[in-house]
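K.L.:
First the structure, which I've put down as structure tokens, then a few questions once you've had a look.
Nothing in this text is a laboratory measurement; each read-out follows from the coordinates by a stated rule. Here the structure is a predicted model, which means the values were calculated and not measured. Note: ideal-geometry Cβ built from the backbone for every residue, glycine included; neighbour counts use all protein chains shown.
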Amino acid sequence: MTEDADPEPAVREVTVRASGHEHVSAGHASTFEVTSDDWLTPAGDCILAVEADTTPADVPRSFVEACRSRGATIVAEFEAADATETVTGRGHPDLTFEGDRSMVGRTSDYVDDRTVMVGADKAAADFDRRLVAALERGAPLTMTLRVEP
């Protein structure tokens, strides 16, 4: 690569593939989560899917930097079986995307290394029950995260 070459384009979209699980209940009122863990207990009522192929730490740095703006809109689109759900939230300067197990969307402004959006307009309990039922049956999930400046 020469010095005059254009820098790599900013990544604005990340796709995560995961699997539903028999213990998916999606009852949590303030968060949703997709985890790379291969297990789920009934207590994990925010978890929508397991065995995710991407964690926050895997996300390209240009995507993370775009999410660190308070003005950023972050959209998460979920697809499983014939059901879909869209969640819209915001970026935050403290987002690090350093977690190595789970991606968490939050209705609050709380941020930790797993947080991928704050101010989400939905939590797990708000998800379309057709989507939740498909995930409870073990359906594959595709979650697409998109950041809009």
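K.L.:
What is the one condition in (1) crowded, with 22+ Cβ neighbours inside 10 Å; (2) at negative phi that F97 does not satisfy?
P.N.:
(2)
K.L.:
Moving on to the next point. So, in the stretch 119-149, of the ones that are of a type outside the set (D, E, K, R) and closer than 17 Å to R12 by Cα, which residue ends up surrounded by the fewest Cβ atoms within 10 Å (Cβ to Cβ)?
P.N.:
P149
K.L.:
Could you tell me how many of the residues in the stretch 107-149 are aromatic (F, W, Y) and either without any contact (Cβ under 8 Å) to a residue 12 or more places away in the chain or under 24 Å from A57 (Cα atoms) (or both)?
P.N.:
Within the stretch 107-149, residues that are aromatic (F, W, Y) and either without any contact (Cβ under 8 Å) to a residue 12 or more places away in the chain or under 24 Å from A57 (Cα atoms) (or both) number 1.
K.L.:
Here's a follow-up. Filtering the stretch 29-44 down to residues that are buried (at least 20 other Cβ atoms within 10 Å of the Cβ) and not small (G, A, S), which residue is nearest to M143 (Cα to Cα)?
P.N.:
Residue satisfying both the conditions and the ranking: V34.
Here's the yes/no breakdown for (1) assigned to a loop (DSSP other than H, G, I, E, B); (2) in contact with a strand residue (DSSP E or B) (Cβ under 8 Å, 6 or more places away or on another chain):
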{"position": "D100", "(1), (2)": "yes, no"}
{"position": "G105", "(1), (2)": "no, yes"}
{"position": "S108", "(1), (2)": "yes, yes"}
{"position": "D121", "(1), (2)": "yes, yes"}
{"position": "L131", "(1), (2)": "no, yes"}
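K.L.:
State whether one or more residues within the stretch 133-142 are within 16 Å of F32 (Cβ to Cβ), touching a Phe, Trp or Tyr at 6+ places or on another chain (Cβ under 9 Å) and outside any helix (DSSP H, G or I).
P.N.:
Yes, that holds for at least one residue.
K.L.:
What's the total number of residues in the stretch 40-82 that are on the phi > 0 side of the Ramachandran plot and in contact (Cβ under 8 Å) with a residue 40 or more places away in the chain?
P.N.:
So the count comes out to 1.
K.L.:
Quick one: H92 ticks every box in (1) in a loop (DSSP other than H, G, I, E, B); (2) touching a residue at least 40 places away in the same chain (Cβ under 8 Å) except a single one, so which number is it?
P.N.:
Failed condition: (2).
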